[in-house]
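Have a look at the structure below before the remarks.
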Amino acid sequence: MTKLIEYEQASDEVRVVYDDIRATRKTDYINNFWKAIANHPPTLRRTWETLKEVMTSPGELDPLMRELIYIAVSVTNGCEYCIASHTAGAYAKGMSDVMFAELMGIIATANTTNRLANGYQIPLDEQFKT
């Protein structure tokens with residue numbers, strides 16, 4: 001099991017990232033994902049900067065939609081941790097139980113049809129080519 005780096009035991013480099021996570025998310029809580037990857041401070045910094053940019057920068061996708069996409073990818077990749085953390089994030093941003101159920105139906109259907117298309121090696125329709 002990976003050692004979790006608590007704030008009190010963290011290096012100054014890690015504390016800078018933890019402080020930014022806390023400020024960005026408006027919380028004192030640092031979750032275990034960040035505590036685990038803090039074992040390699042460059043990975044912690046790089047991963048946080050990328051996630052912060054993708055998930056919090058202004059854009060056409062609203063924060064809830066971003067969380068729903070993250071859940072879909074996490075379900076498809078089988079990442080229990082990411083499913084749990086981003087589901088909590090989605091609920092905090094307004095997802096309802098009905099929305100979650102619909103999302104699971106879409107994910108299941110997309111994974112089924114993706115596997116069928118790949119298995120049958122279906123050629124792309126001309127009208128879908130860009």
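Computed from the coordinates by the stated procedures, all read-outs in this text should not be read as laboratory data. Note that the structure is predicted; figures quoted are calculated from it, not measured. We place every Cβ from the backbone using ideal geometry, glycine too, and count neighbours over all the protein chains shown.
Remark: the ALA108-ASP62 segment gains 14.2 nm on full extension, using 0.36 nm per residue and subtracting the alpha carbon distance.
Only helices enter the 222 nm calculation for the chain: every DSSP H run of n ≥ 4 contributes -39,500 (n - 2.57), and dividing by all residues gives -22000 deg cm²/dmol, rounded to 500. Against the main long axis of the alpha-carbon atoms of the chain, helix 97-120 sits at an angle near 60°.
Karplus-derived 3J(HN,Hα) values for segment 19-26, using 6.51 cos²θ - 1.76 cosθ + 1.60 with θ = phi - 60°, are 4, 5, 4, 4, 5, 5, 8, 6 Hz; glycine and proline are entered as x.
What FRET efficiency, computed as 1/(1 + (r/R0)^6) with R0 = 30 Å and r the Cβ-Cβ distance, is obtained for ASN39 and ALA92, rounded to the nearest 0.05? It would help to have the intermediate numbers written out before the result.
On the way: r = 27 Å, r/R0 = 0.91.
FRET efficiency, ASN39 to ALA92: 0.65.
If you take the Cα centroid of segment 75-111 and the Cα centroid of segment 14-71, the two points sit 18 Å apart.
What order do you get for ILE106, ILE5, ILE122 when you list them from fewest to most C-beta neighbours inside 10 Å?
Details: ILE106 12, ILE5 21, ILE122 9.
So the residues, fewest neighbours to most, are ILE122, ILE106, ILE5.
The chymotrypsin sites (Phe, Trp or Tyr not before Pro) found in segment 16-124 that occupy coil by DSSP, while having at most 13 further C-beta atoms within 10 Å, are TYR29. Taking Cα centre as origin and charging only the Cβ of basic (Lys, Arg, +1) and acidic (Asp, Glu, -1) residues, the dipole magnitude of segment 29-116 rounds to 340 debye. Between LEU116, LEU44, LEU61, the GNM of the chain built on Cα springs shorter than 10 angstrom shows LEU116 fluctuating the most.
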